[in-house]
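Data block below; observations after.
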Amino acid sequence: MRTIRHLAAAFLLLAALSSDAAELNCNGRANVEEFRYSWRVRGGLRWIAGLVFPTAGVGNLKTIFPTQNDPSINSELLITAPNGREGGFFAYESEMDASGQKTLMTYSGYSWGSKARKERAVFDYPQQVARIRKETPEKVETKVKPIPNHDMRDVLTAIYYLRQNAATIKRPIATSFYTDGKEYPVVFRPIGRKIFAMEGKRVGSLGFEIVDAPGGKEWAGGVKVWLSEDERRIPFRIEISQSIASLQLDLKSVESCAFMQAAK
C-alpha cells in the first residue's frame, strides 16, 4: 500500500539520522513536504467540546518551499472531522519569506455546524501595520492595526522556526505570537526528549513548547511539538491548546518529503 511504502521510507530515514534524507525518492513535487496525522481532543472539558465539534479526526500539514516563480514559503494545517471538511474543520495558513524568519500572511478559520469564522492578516512591515479581514456568517469586517517594528510569528511559522533551530535552542527564547487579531509575548523553550513507538521502531524526538510569557498580556493558548532528532525535524506530535481543551495530532504517514534546510 502507498501509505505503508511512505512510512517505510520515513522510518529508514529516521534510523539513518543523516543528511541522506534529501536523497529520498518522494512522491509529488520536489518542493512540497506533506504529513498526515490523526487527532483527538484532550483535556478535562473534552466532553463539553464534544457537544460542539467532533473529538477525533484527521489532519494534514503541508509546506510548499520556494521556487523560481514563487520566492515565499507557504504552510497550511488542515484539521477535519473523520468524514472530511463537510463534517467540520479548523484551518491555519501562513506565508513566510524565503528564509522562514518573517511572517507575511497568517490565516485561521473554522466551521463546525452553524458556527464559522475566518480571519486573514497581511503584514505590511514598511508601514508597520496589519491589514485584517474577518468573516463570520453575520458580517465581514476589515481594519488596519499597527504592529511593532519586529517580525511576527503565528502557530505555523513558530513551528517552522522551531524545526529550523531545534539543534541550537537550549534555553527559553522570548518572542511574540500573533493569533486571533492580537499579539502576545510568549516563550519558546525545550521540554526534553521523548521516545515514540512507530511501526515497531523506537524513534527519538526533541520536545518544545510555546507558552505565555510572565508579566505580559496573557495568552490562554499553547503549543507543544515533538520533532525527530534527524535533520528533517519531522513533527511527530503537535498539541494546540485552546481555552477548554487541546488538540493532539499524531503522525501517521509521510506523503511527500521535500527537504527542509535548517537555518544557517
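Read-outs: derived from the displayed coordinates by stated rules, not from any lab. In this text, all values refer to a predicted model and were calculated from it rather than measured experimentally. Please note: Cβ atoms are built from the backbone with ideal geometry, for glycine as well, and neighbour counts cover all protein chains shown.
Structural remarks
- The trypsin sites (Lys or Arg not before Pro) found in the stretch 129-237 that occupy coil by DSSP, while having at most 16 further C-beta atoms within 10 Å, are Lys139, Lys170, Lys217.
- Amide H contacts for Gly88 (H built 1.01 Å from N in the peptide plane; partners 5 or more residues away or on another chain; cut-off under 5 Å): Ala81.
- Under 20 Å from Lys134, Cα to Cα: aspartates and glutamates that are on another chain or at least 8 residues apart: Glu76, Glu93, Glu95, Glu119, Asp124, Asp154, Asp180, Glu183
- Cut-off under 5 Å, modelled amide H: who pairs with Ser256 long-range: Glu34
- Alpha-carbon centroid distance for the pair the stretch 97-111 / the stretch 212-244, whole angstrom: 16 Å
- Charge sum, other residues only, whose C-beta stays under 10 Å from Arg133's C-beta, Lys/Arg counted +1 and Asp/Glu -1: +2
- Taking 0.36 nm per residue of separation and subtracting the current Cα-Cα distance, fully stretching the chain between Ala220 and Ala167 would add 16.3 nm.
- Among the listed pairs Lys102/Lys170; Lys102/Lys145; Lys115/Lys252, a Cα-Cα separation exceeding 26 Å is found for Lys115/Lys252.
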